[in-house]
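Quick note: the coordinates plus some simple rules give every number you see, no bench work behind them. Everything quoted here is computed from the prediction, not taken from an experiment. Note: ideal-geometry Cβ built from the backbone for every residue, glycine included; neighbour counts use all protein chains shown.
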Amino acid sequence: MNTIIETKDLKKYFQIGKNRVVHATDGLSVTISDNEIVGLVGESGSGKSTFGKAVVGLHDKTSGEVWYKGELTPAKFTPADYKKYSTEMQMIFQDPYSSLNPRMTVLEIIGEGLHLQGGFSKADIKERVADWLRRVGLQPDHMSRYCHEFSGGQRQRIGIARALVLEPKFVVCDEPISALDVSVQAQVVNLLGEFRDTLGISLLFIAHDLSMVRYVSDRIIVMYLGALVEIGQADDVFFHPKHPYTRLLIASNPEADPEYERKHAHVPIKGEIPSPINIPPGCRFAGRCPDVMEKCHTVTPELIMMNDSHGAACLLYD
Amino acid sequence: MKNQNDCVLDVKDLKVEFDTYGGTVKAVRGVSYRVRRGKTLGVVGESGCGKSVTVQAILQLIPMPPGRITSGSALLNDKEMIGMSAKEINTIRGREVGVIFQDPMSSLNPTMKIGHQIAETVKVHQGASDDEAMQKAVFLLEKTKIPEAAKRAKQYPFEFSGGMLQRAIIAMSMACDPLLLVADEPTTALDVTIQAQTLEVMHDLQKNHGMSIILITHDLGVIAKMANDVAVMYAGQVIEAGPVDDIFYRSAHPYTLGLRYAMPTNIEGGHRKLMPIDGSPPDLFKPPQGCGYYARCPFAMHVCEKHIPDEFTISGEHFARCWLQHPTAPKVEGKLDLFQVGHTETV
């Protein structure tokens, strides 16, 4: 399998005020292969979205590298870079209400990318938009409507069509289903899975619904406070988590199974994710970790591989 | 639930409408459910199915007009709540019934210290002095596991995180030891880890105080964790209700079943394809003549189009509004049974 995306020690900091820096994404090295879906989970504020946006160039990188198909992408995208990479990498956003311009018709929204790329006649654009509307399960005659005429699930399909109309090879899906009802979530997730199979695209699927992430993903990455804490095959991470944080995160996930929930009365994880402004030395999770040791407060854990795909950044395995 | 005294809130055939420019929306079309003393009733359903409107109408939290209760009754400890005067309902809200809303940030006053906001409830309903009320506020914050409660009580809402705000609101709603706590999507805006903390706080309070809870959510996982009884709502009606195990393991309505098929199950190595429910809920401006789920139901029959199904008792307290449960209906149990449950495996 070929690597499509490789990040090397990717960092994105935000300067707020003079001496305060938010360490949103703090050194992630990850590879994503062709035709692979990688799930990215973590609490709010763990830097998942920042990472996704930095990979597709929507955020300038503070340091580190992102390689696309063996080619180094620029640290700061210029308009020409956006044009070049928009046919390669795209993004689907979380909120299907605020991510679509209410003053544009569906044709304008989906066709805008084609229009900006140039080289497409009006009839061409119309034809492609109609085709994509059909592929995401809408009607071609929907293209003259505005997005307030659609439900949340339908809007998210429009967002998917907009991302895929330029036929990218890699798509970042930033919480594409968290604003949708359960019955509609399955529609969107199945649609994404279908496109992976038929178009051979790779997805970075950012979400906080762990069951759904396990369902969609081949591999799962767990982030905490800007750092990678665990990575591995989806079932390995979900059923045999190594890092105490992953274990607690998965145990917090309520199962739709009353008998299971009665049997597994567990103690919820203590405290809350600390501020990413002043990152403590040592392990970032030390303050909330039930298995914390003396050295966790001073030594920063490196990623330790358990087998060729499953690794955890925890001193328990040192 | 047979014993009347065991029932804290008894809602019967409640109907709520809204007048809008586009016409009249029949948001709640004859909802009946009961909340048992000291137990949790989980109410599930899609957005727009009327699950929140039902309780808001009972508590008169809906402006009327444009809202209107056209029929029905709601007995809180045998007291009729529909048609109560504003003065009467004010003695119930906050005292006998506590409410928690989805968005903790917008349900608090941003210009008032947290402690004062909680103390206000105590002063209004229990006539406590300023000092007593403040002490009670700190005590309540401690009970909802907020660290350094005395210091936190002097802070403003913006200084709290989402999870802590939600716990502060729980503290406020518990201020007068309510009989019933209405939690409308209390954890939807929170992370799973913080959700687990919040649910645990609610669970502990219920154990210690014996209040009943109406938990409104769209997350079947939260229902499985918290509820004793479940009411599944669709298009303004309760389409299936009963004890939690009956709803999950012996689902009798195709919609309930559809919801569970649409969710992933965590069985190691297992990979069942998710089955979405196609289509969308009916337009409640012109509600369908028959079953609300007719257009999306894989088992729909002719009778479903024209006639609203009766409540068919499946066993004990478990009932479903579905013509498939009629004695003369074709048997589809084999298909209804496809779903594997009770084998969830995780750490």
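For the protein assembly as shown, rounded, prolate or oblate, judged on the Cα gyration tensor with a ≥ b ≥ c (square roots of eigenvalues), a/c < 1.5 rounded, else prolate if a/b > b/c? Verdict is oblate for the protein assembly as shown. The string of couplings for the stretch B:39-50 from the Karplus curve (6.51, -1.76, 1.60, θ = phi - 60°) is 10, 10, 9, x, 10, 10, x, 6, 4, x, 8, x Hz, one whole number per residue in order, with x for Gly and Pro. Between B:LYS286 and A:GLU65, the modelled labels are 6.3 nm apart [label points 7 Å from Cα along Cα→Cβ].
In this structure the amide hydrogen of B:THR70, modeled in the peptide plane, comes within under 5 Å of the amide hydrogens of B:LYS15, B:VAL16, B:GLU17, none closer than 5 places in sequence on its chain. Legend: ranking of residues B:TRP323, A:TRP67 from fewest to most surrounding C-beta atoms inside 10 Å; resulting order A:TRP67, B:TRP323.
Anything in chain B that counts as a DSSP H helix reaching 15 Å or more along its axis (C-alpha) with Kyte-Doolittle mean of at least -1.0? List them, would you?
Qualifying helices: B:114-126, B:130-143, B:162-173, B:192-209.
Sorting B:LYS154, A:LYS12 from the fewest to the most surrounding beta carbons within 10 angstrom yields B:LYS154, A:LYS12.
In a fully extended conformation the segment linking A:LYS76 and A:LEU166 would gain 30.2 nm over its present Cα-Cα distance, using 0.36 nm per residue. In this simple spin-label approximation, A:GLU194 and A:TYR146 carry label points 7 Å from Cα along the Cα→Cβ vector, and these lie 2.9 nm apart.
The C-alpha radius of gyration of chain B, expressed as a fraction of 2.2 N^0.38 Å, stands at 1.04. Mean residue ellipticity at 222 nm, helices only, chain B: -8500 deg cm²/dmol; runs of at least 4 DSSP H residues each add -39,500 (n - 2.57), and the sum is divided by the number of residues. Cross-link pairs exceeding 25 Å in C-alpha to C-alpha distance, out of A:LYS53/A:LYS169; A:LYS11/B:LYS151; A:LYS263/B:LYS207; A:LYS12/B:LYS154, comprise A:LYS11/B:LYS151; A:LYS12/B:LYS154. What is the set of long-range amide H partners of B:ARG37 at a cut-off below 5 Å, with H atoms built 1.01 Å from backbone N? Hits under the 5 Å cutoff: B:CYS7, B:VAL8. The charge dipole of the protein assembly as shown, taken about its Cα centre with unit charges on the Cβ atoms of Lys, Arg (+1), Asp and Glu (-1) only, comes to about 1020 debye. The lysine pair tally for the stretch B:245-336, using Cα distances under 26 Å and a gap of 8 or more places or different chains, is 5.
Give the residue from A:GLY287, A:ALA265, A:ILE277 lying farthest towards the positive end of the charge dipole for chain A; charges sit on Cβ (+1 for Lys and Arg, -1 for Asp and Glu) and the dipole is referred to the Cα centre. So the residue furthest toward the plus end is A:ILE277.
Legend: residue pairs A:LYS18/A:LYS69; A:LYS48/B:LYS39; B:LYS51/B:LYS225, Cα-Cα distance threshold 30 Å; pairs beyond threshold, A:LYS18/A:LYS69; A:LYS48/B:LYS39.
Shape class of the stretch B:245-336 from the Cα gyration tensor (axes a ≥ b ≥ c, square roots of the eigenvalues): oblate, since a/c reaches 1.5 or more and a/b does not exceed b/c.
With the charge dipole of the protein assembly as shown set up from +1 on Lys and Arg Cβ and -1 on Asp and Glu Cβ about the Cα centre, the Cα lying farthest toward the positive end among the listed residues A:SER178, B:LEU108, A:SER309 is that of B:LEU108. What residues from the stretch A:49-86 fall in the zone where the backbone N is under 13 Å from a label point 7 Å along the Cα-to-C-beta line of A:THR3? Residues A:65-73 qualify, since their backbone N sits under 13 Å from the label point. Under 5 Å from the amide H of A:MET91 lie the amide H atoms of A:VAL172, each residue being 5 or more positions distant or on a separate chain, with H modelled from the backbone and absent for Pro and chain starts.
Ranked highest first by the average count of other Cβ atoms within 10 Å around their residues, in what order do B:193-202, B:82-91, B:16-25, A:89-98 fall?
Averaged packing, sorted descending, gives the order B:193-202, A:89-98, B:16-25, B:82-91.
Cβ crowding within 10 Å, taken as a proxy for footprinting-reagent exposure, orders B:LYS113, A:LYS76 from fewest neighbours to most as A:LYS76, B:LYS113. Taking label points 7 Å from Cα along the Cα-to-Cβ direction, A:PHE120 and B:THR20 give a separation of 3.4 nm.
Remark: the stretch A:97-103, residue by residue, has Karplus-estimated 3J(HN,Hα) of 8, 8, 8, 10, 5, x, 9 Hz, where x stands for each Gly or Pro and the curve is 6.51 cos²θ - 1.76 cosθ + 1.60 at θ = phi - 60°. Have a look at B:LYS207, B:LYS273, B:LYS225 and tell me which one the Gaussian network model of chain B (Cα, springs below 10 Å) gives the largest fluctuation. Evaluated over chain B, the most mobile residue of the options is B:LYS273. Prolate is the label for chain A. Its Cα gyration tensor axes, ordered a ≥ b ≥ c, give a/c of at least 1.5 and a/b above b/c.
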